[in-house]
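*Asks:* The structure under discussion is supplied below as structure tokens; questions concerning it will follow.
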Amino acid sequence: MNIYVDFDDCLCETARFFSHLVKELFDMDVPYEGITDFNLQKSYSLSDEDYEHMMITAHKPESLLTFEETPLACETLNEWIDAGHNVSVITGRPFVAYEASRLWLDRHGLDRAKLYCLNKYGRDSFIKNSEFSLEVEDYLKMHFDLAVEDSPTAFKFFSHLPELKVMVIDRPWNKDCTFPNENYMRCYDWETIRRMV
């Protein structure tokens, strides 16, 4: 199979990091469970300037490399690769974050997984003139059999693949979302994904 896996909040606990970061930067106490909107600016009620500052800080290598692994995520991906499946980690992080993201994967035993930066969310606003290693038109030529994603905002990137099975990692910001079709399945942890796949 060709497998698409999102990076943030699928392989690692990005939102938990942000909860600590907003406390450190702005003395705001917004627990992970309180992040009910994928739009972090909205979840934290930040001004444009504060949001930009937070996102730039979070995308520095010294920040990205501290993100905790989501339990069983890397082990599961390695099992898929060992079984002969092609695993592509497709992140919405800008290309400036590529080296640190690649290093995080390598340090977590995922040196065989491909990594692409795709402009999923139009985040050019916080790192000016951002570049991405995968253009949308090239992404749309790729075929996947299975996807692991957490963001309802990213579901639009699957509409060209009507047979795609999508495992949606349960997160506070997707609790109330409506799935586009019956190919989407909510998964509460990677153990569930392993069993289903």
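Each value in this text was obtained by applying a stated rule to the coordinates, not by laboratory testing. None of these values were measured; they are calculated from a predicted model. Quick reminder, even Gly has a Cβ in these numbers, built from the backbone with ideal geometry, and neighbours come from all protein chains shown.
*Asks:* Provide Rg over Rh for the stretch 39-95; use the alpha carbon set for both Rg and the Kirkwood Rh (inverse mean inverse pair distance).
*Replies:* Details: Rg = 15.8 Å, Rh = 14.1 Å.
Rounded to two decimals, Rg/Rh equals 1.12.
*Asks:* Working from Cα positions, state the angle (0 to 90°, nearest 10) between the long axis of helix 73-82 and the longest principal axis of the chain.
*Replies:* 30
*Asks:* Extension gain residue 194-residue 49, at 0.36 nm per residue separation less the Cα-Cα distance, in nm? It would help to have the intermediate numbers written out before the result.
*Replies:* Numbers: separation 145, 0.36 × 145 = 52.20 nm, distance 4.09 nm.
Here the answer is 48.1 nm.
*Asks:* So what's the Cα pair-distance distribution over the stretch 14-64, bin width 10 Å, in %?
*Replies:* In order of increasing distance, the bins hold 26, 64, 10 percent.
*Asks:* Here is a further query. Compute the whole-percent fraction of alpha carbon pairs in the stretch 77-197 spaced more than 22 Å apart. Could the numbers behind the result be given before it?
*Replies:* On the way: 2893 of 7260 pairs.
For the stretch 77-197, the fraction of Cα-Cα distances above 22 Å is 40 percent.
*Asks:* Extension gain residue 60-residue 177, at 0.36 nm per residue separation less the Cα-Cα distance, in nm? All intermediate terms of the calculation are to be shown ahead of the outcome.
*Replies:* Numbers: separation 117, 0.36 × 117 = 42.12 nm, distance 3.06 nm.
Gain in length upon complete extension: 39.1 nm.
*Asks:* Something else now. Could you tell me which of the pairs 42/165; 60/141; 120/141; 114/175; 23/175; 42/120 are separated by over 21 angstrom between their Cα atoms in the structure shown? Don't skip to the answer; put the middle values down first.
*Replies:* Working: 42/165 30 Å; 60/141 31 Å; 120/141 15 Å; 114/175 29 Å; 23/175 24 Å; 42/120 18 Å.
Long pairs (Cα-Cα over 21 Å): 42/165; 60/141; 114/175; 23/175.
*Asks:* Per 0.36 nm of contour for each residue apart, how much would the distance between residue 27 and residue 135 grow if the chain were fully extended, relative to their Cα-Cα spacing? Display every interim value, and only then the final one.
*Replies:* Values: separation 108, 0.36 × 108 = 38.88 nm, distance 3.72 nm.
Computed gain between residue 27 and residue 135 is 35.2 nm.
*Asks:* Sticking with this structure for a sec: In the stretch 132-197, which chymotrypsin sites (Phe, Trp or Tyr not before Pro) fall in coil by DSSP and have 14 or fewer other Cβ atoms within 10 Å? Can you show the working numbers first?
*Replies:* On the way: sites: 132, 139, 144, 155, 157, 158, 173, 184, 188, 190; in loops: 132, 144, 188.
Answer in residue order: 188.
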